Amino acid sequence: LDETSEASIRGYRRAMERYYDTMVGIGMRLLTLVAAALDVEEDYFDTYWTPTHNCVLRPLRYAAVKSDANAGTFAAGAHSDYGGLTILKTLDDVPGLEIYDEANASWIAVPPRDDAFVVNIGDLLERWSNGRLKSTKHRVMTAGDVERHSVA
């Protein structure tokens, strides 16, 4: 965040810091659930996971440009996230997130919800779980009529 952004949006930095702290807490709680699913101690990830070294907050803005998979035009091309968990909050009702379904070799639209988060498993957690948890391949396709906003 630069000084221009903070000056133009009063309170932005503080709001983002509070949101970050909240998301770190949710992420740490999710890791205890992941540990339980993997049949390891609840605090298994605590020694490997520190908020100052492993957590990133990214406000995302996707331009009002129409995506076209056949033309290779994407708001965000197909990828998996490199970290452990991605906790995504859509900030509007604009669709666009799609998750790849390997079994059917197809993309599934994830409808935006204001009352929920989307949680993706990242490459790091796939590796740490020896492949028991799979990293989520996803992309963003936009209709082009409005911008799309989210925080990950």
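The values are calculated or read from the model by the stated rules, or taken from the named source; none is laboratory data. What you see is a predicted model; the values in this text were computed from it and never measured. Virtual Cβ from ideal backbone geometry, glycine too; neighbours counted across all protein chains shown. What goes into the accessible areas is simple: the full protein's heavy atoms, side chains included, and nothing from ligands, DNA or RNA. Shrake-Rupley method; radii C 1.70, N 1.55, O 1.52, S 1.80 Å.
Contact map, the stretch 127-152: residues that are on the phi < 0 side of the Ramachandran plot and part of a loop (DSSP other than H, G, I, E, B) paired with residues that are acidic (Asp, Glu) and open to solvent by less than 40 Å² (accessible area, probe 1.4 Å), Cβ distance under 7 Å, separation 6+ or inter-chain. Pairs shown: 141/98. Considering the conditions (1) modelled with pLDDT of 90 or more; (2) at positive phi; (3) open to solvent by less than 80 Å² (accessible area, probe 1.4 Å), residue 11 is excluded by exactly one of them, (1). Can you tell me which residue in the stretch 69-100 is nearest to residue 46 (Cα to Cα), limited to those that are of a type in the set (S, T, N, Q) and part of a strand (DSSP E or B)? Taking the candidates together, the pick is 86.
The listed residues are 135, 80, and the only one of them that is touching a Lys or Arg at 6+ places or on another chain (Cβ under 7 Å) and at pLDDT 95 or above turns out to be 80. Among the residues of the stretch 38-55, those that are loosely packed, with under 10 Cβ neighbours inside 10 Å and either touching a helix residue (DSSP H, G or I) at 6+ places or on another chain (Cβ under 7 Å) or assigned to a loop (DSSP other than H, G, I, E, B) (or both) comprise 39, 47. Residue 145: closer than 21 Å to residue 23 by Cα and modelled with pLDDT under 95, yes or no? Answer is no for this residue. Number of residues in the stretch 98-126 that are farther than 16 Å from residue 31 by Cβ, touching a residue at least 12 places away in the same chain (Cβ under 8 Å) and small (Gly, Ala, Ser): the value is 1.
Residues in the stretch 115-152 that are closer than 16 Å to residue 101 by Cβ, within 12 Å of the chain's Cα centre (by Cα), open to solvent by less than 70 Å² (accessible area, probe 1.4 Å) and of a type outside the set (S, T, N, Q): 4 in all. Which members of the stretch 56-68 meet the condition of being open to solvent by 80 Å² or more (accessible area, probe 1.4 Å) and either closer than 18 Å to residue 86 by Cα or in contact with a helix residue (DSSP H, G or I) (Cβ under 8 Å, 6 or more places away or on another chain) (or both)? Within the stretch 56-68, 56, 58, 61 qualify. Cβ-Cβ below 7 Å, separation at least six or inter-chain, first residue in the stretch 51-76 and farther than 27 Å from residue 18 by Cα and in contact (Cβ under 8 Å) with a residue 12 or more places away in the chain, second in a helix (DSSP H, G or I) and of a type in the set (Gly, Ala, Ser): which pairs? Pairs that qualify, where the first residue is farther than 27 Å from residue 18 by Cα and in contact (Cβ under 8 Å) with a residue 12 or more places away in the chain and the partner is in a helix (DSSP H, G or I) and of a type in the set (Gly, Ala, Ser): there are none.
Residue 104 - would you say it is over 23 Å from residue 9 (Cβ atoms), out of contact with any helix residue (DSSP H, G or I) (no Cβ under 7 Å at 6 or more places or on another chain) and at pLDDT 95 or above? For residue 104, the condition - over 23 Å from residue 9 (Cβ atoms), out of contact with any helix residue (DSSP H, G or I) (no Cβ under 7 Å at 6 or more places or on another chain) and at pLDDT 95 or above - is met. Residues in the stretch 14-28 that are surrounded by 12 or more Cβ atoms within 10 Å (Cβ to Cβ) and of a type in the set (D, E, K, R): 2 in all.
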